[in-house]
Amino acid sequence: MIILVVIGALVAGTSLNSCKTAAVISSKSGAQIWGETCIRCHNPADPATFSDLEWDVVAMHMQVRANLTPEETKKVIEFLQSAN
């Protein structure tokens, strides 16, 4: 019985941490995600550097490399395309 209580507490704690992480991610703007993420590996490109279509292609590639969620990627693409 004690083992079930401990396992339940661990699962509940994990779920709460996941919610906190999701809330932090959803509160960040595309500009924030872009600034924090892209600079980890290279100098970020000026948003006006590429066309909307080119940013779509770049973002799909970088989503995998930077381990971004679909929501984060969408926000970054919208930010970058707003410069065009």
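The values are calculated or read from the model by the stated rules, or taken from the named source; none is laboratory data. Predicted model, so just to flag it, every value in this text is computed and none were measured. Please note: Cβ atoms are built from the backbone with ideal geometry, for glycine as well, and neighbour counts cover all protein chains shown.
Quick look at the values:
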quantity	calculated
Filter result (more than 25 Å from Ser27 (Cβ to Cβ) and either buried (at least 16 other Cβ atoms within 10 Å of the Cβ) or among the hydroxyl-bearing types (Ser, Thr, Tyr) (or both)) within region 38-84	Thr49, Phe50, Ser51
Qualifying positions in region 35-69 - over 18 Å from Gln81 (Cβ atoms) and in a loop (DSSP other than H, G, I, E, B)	Ile39, Arg40, Cys41, His42, Asn43, Asn67, Thr69
Matching residues, region 28-42, being within 12 Å of Leu68 (Cα to Cα) and among the charged types (D, E, K, R)	Glu36
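For (1) at pLDDT below 90; (2) more than 19 Å from the chain's Cα centre (by Cα); (3) of a type outside the set (Phe, Trp, Tyr), each residue gets a yes or a no:
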| position | (1), (2), (3) |
| --- | --- |
| Leu4 | yes, yes, yes |
| Lys20 | yes, no, yes |
| Ala23 | yes, no, yes |
| Ser26 | yes, no, yes |
| Gln32 | no, no, yes |
| Cys41 | no, no, yes |
| Leu53 | no, yes, yes |
| Arg65 | no, no, yes |
| Glu72 | no, no, yes |
